[in-house]
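Where a number appears in this text, it was derived from the coordinates with a stated rule and is not lab data. No experiment lies behind these values; they were computed from the predicted model shown. All Cβ positions, glycine included, derive from the backbone under ideal geometry; neighbour counts span all protein chains shown.
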Amino acid sequence: MFIVKKQFQDPLFKIREIVLSKIPEDVAVTRINFEGSKLAIYVKKPEVLLIDKSYIISDIV
């Protein structure tokens, strides 16, 4: 009889992967976390996402 161990995968891993693939590197993501039921994305240059490339946020959501 074989016992198959199911590896635990962080549920935030796939979300981070998707978010990081859509956000340009110049924004400099520092942290991605859940805050309650909402996803919080911390960046060093929020003005890039809020002003210059605001379409990225709606693409992620």
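Key figures for this structure:
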{"item": "Label-point gap, in nm, between ALA28 and ALA40 - each point 7 angstrom along Cα→Cβ", "result": "2.0"}
{"item": "Dipole magnitude (debye, nearest 20) for the chain, charges at Cβ of Lys, Arg, Asp, Glu", "result": "320"}
